[in-house]
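Below is one structure; the comments refer to it alone.
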Amino acid sequence: MHDVKKINVMENIHDENDHIASHVNEDMTENGIFVMNVMGAPGVGKTTTLKNIIKNLEGLKPYVIEGDIESDIDTKDLRNLGITTFQINTFGACHLDAPLIHNSVQNIMFDEKGVLFIENIGNLVCPAEFSIGEHVKMLISTVTEGSDKPYKYPLAFENADIIIINKVDLIPYLDFDEDFFMKGVRALNKDVPVFKVSGKTGEGFKEVAAWIKEKAENIKATHHHHEHDHSHDGYEHSHAHHDHNHTHTHE
Amino acid sequence: MHEYPITEQIIKIAVKHAEDAGASRVKSIKLVVGDYSGFVGDSIQMYFDIISEGTKCEGAVVKIQHVKPKIKCTSCGELFERELLSFDCPKCGGQGEPTDIGKEFYIESIEVEE
């Protein structure tokens with residue numbers, strides 16, 4: 001018989017990802033690149049939204065990383081507009097992670113200060129959990145998806161730093177309950193800015209671009225070490241903290 | 001859908017701790033998994049058995065402690081599991097806000113053989 005011994009580990013499984021994300025974020029910050037993690041379900045108009053934001057982003061050079069399960073249709077589309085775009089195909093994986101982005105940014109020439117938009121995989125669940133080195137998470141929702149989305153995908157709305165509601169030109173034809181939608185958003189994320197836009201008419205994007213410019217001009221490194229650092233009192237939260245003694249070998 | 005890379009990470013952490021302790025093999029791994037972690041626990045043992053082949057984790061049993069998400073009432077402080085399509089407090093009707101309960105995703109402990 002062998003002796004069995006219990007070892008306390010208390011190590012967060014996302015630690016390594018978050019650690020690499022911090023590195024990416026620091027490198028990008030040093031280069032004057034503001035990084036946005038762009039998330040939304042398939043068909044919300046992520047690429048269209050990026051194109052419209054970029055049009056209004058005078059003075060800041062746009063860079064794009066396109067995450068797709070397969071295909072490079074969006075990348076070709078963006079390159080045709082003269083936008084520096086790097087394609088990642090995950091071939092089945094449901095989200096981008098920090099090691100992928102760490103490798104991808106090595107392939108991009110950041111010759112000017114600007115904004116790196118990372119278009120995540122169309123999915124409201126997994127991308128919300130993985131830091132990829134972003135300064136902010138931008139969530140794109142639409143009036144066509146229905147007003148219950150904050151209730152069904154709370155983490156995506158809770159973690160967002162900016163929320164876009166796209167396709168508002170369709171409101172007259174839909175039963176989108178904006179009050180119910182916003183009640184859910186506010187329960188999850190008290191102060192997040194929410195912008196209504198239409199990729200069809202182009203309305204609302206000036207305001208979004210102005211918000212991004214303001215943030216990008218005051219760029220600061222983000223600490224990804226602990227995603228959920230809300231300081232709620234009254235109960236003990238059981239998040240595992242980091243063991244910083246381990247060495248990292250992601251180079 | 002991302003169980004594969006996550007399982008690799010779990011094995012990596014467990015092997016590291018087993019090696020640090022000079023253990024010959026890992027017998028079991030206890031995970032604490034909040035339901036908001038998006039991690040589908042059911043498929044993990046299957047991935048685990050394949051990925052752990054040839055490592056100190058081969059043959060180990062993965063035990064998962066699930067944690068139901070709770071939100072906290074901003075009016076009365078009650079911690080509660082929310083109803084679908086609502087964040088309202090069942091006790092006072094106040095508005096709930098997110099907490100970290102239900103987002104756990106860590107290895108609590110491992111059992112090893114000397």
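The values are calculated or read from the model by the stated rules, or taken from the named source; none is laboratory data. The structure presented is a predicted model; accordingly, all values stated were derived computationally and were not measured. Neighbour counts run over all protein chains shown; Cβ positions are idealised from the backbone, glycine included.
Points to keep in mind about this one:
- Candidate set from segment A:156-179 (those that are farther than 18 Å from residue A:46 by Cβ and crowded, with 16+ Cβ neighbours inside 10 Å); member that is farthest from the other protein chains (Cβ to nearest Cβ): A:176
- Counting only residues that are among the polar types (S, T, N, Q) and farther than 30 Å from residue B:109 by Cα, segment B:44-92 holds 3 of them.
- Flag: residue B:43 does not match the condition of being polar (S, T, N, Q), within 30 Å of residue A:180 (Cβ to Cβ), under 18 Å from the mean Cα position of the chain (by Cα) and at pLDDT below 95.
- Residue that is closer than 23 Å to residue A:130 by Cα and more than 13 Å from chain A (Cβ to nearest Cβ), where the choices are B:107, B:51, B:101: B:51
- Among the residues of segment B:24-50, those that are β-branched (Val, Ile, Thr) and within 28 Å of residue A:153 (Cα to Cα) comprise B:32, B:33, B:40, B:44.
- All conditions in (1) under 20 Å from residue A:128 (Cβ atoms); (2) surrounded by fewer than 19 Cβ atoms within 10 Å (Cβ to Cβ) hold for residue B:90, with the sole exception of (1).
- A single member of A:11, A:16 is in contact with a helix residue (DSSP H, G or I) (Cβ under 9 Å, 6 or more places away or on another chain), within 14 Å of chain B (Cβ to nearest Cβ), in contact (Cβ under 8 Å) with a residue 40 or more places away in the chain and in a strand (DSSP E or B), and it is A:11.
- Scan of segment A:174-225 for residues that are closer than 30 Å to residue A:15 by Cβ and among the β-branched types (Val, Ile, Thr), ordered by number: A:185, A:192, A:212, A:219, A:222
- Annotation: of all residues in segment B:83-114 being part of a strand (DSSP E or B) and polar (S, T, N, Q), the one that is farthest from residue A:150 (Cα to Cα) is B:109.
- Residues within segment A:111-127 that are modelled with pLDDT under 90 and surrounded by 24 or more Cβ atoms within 10 Å (Cβ to Cβ), tallied: 1
- Complete set of residues in segment A:180-204 that are surrounded by 20 or more Cβ atoms within 10 Å (Cβ to Cβ) and within 12 Å of chain B (Cβ to nearest Cβ): A:181, A:184, A:185, A:187, A:188, A:189
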